[in-house]
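Structure first, commentary second.
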Amino acid sequence: MKVKVTEQGVYDANGARVPVGTVINVKGDALPGYLIGKAQPLDIAPRVAVTNPKETEEEQPGEEA
């Protein structure tokens, strides 16, 4: 997931400060704790839960073959 640093206080793996406005990649779908309040997710795709999928013609209730 890509995030944009919006506040100071974010450091890379080598301990160097990441400038505000830098776009970085983080693993996973959730914002890590050290970036909460300091970065904004950029590429969030909406997720849609499929709770009642459409039935095919062969599975229509009330019809007999």
_Step by step: first the residues of the stretch 1-19, then only those that are part of a strand (DSSP E or B) and without any contact (Cβ under 8 Å) to a residue 24 or more places away in the chain, then the one that is farthest from the chain's Cα centre (by Cα). Which residue is that?_
Arg17
*Could you please find all residues in the stretch 28-45 being modelled with pLDDT of 90 or more, part of a loop (DSSP other than H, G, I, E, B) and loosely packed, with under 10 Cβ neighbours inside 10 Å?*
Ile36
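The values are calculated or read from the model by the stated rules, or taken from the named source; none is laboratory data. Just so it is clear, the model here is predicted, and its values are computed rather than measured. Neighbour counts are summed over all protein chains in view; Cβ atoms, including those assigned to glycine, are modelled from backbone coordinates with ideal geometry.
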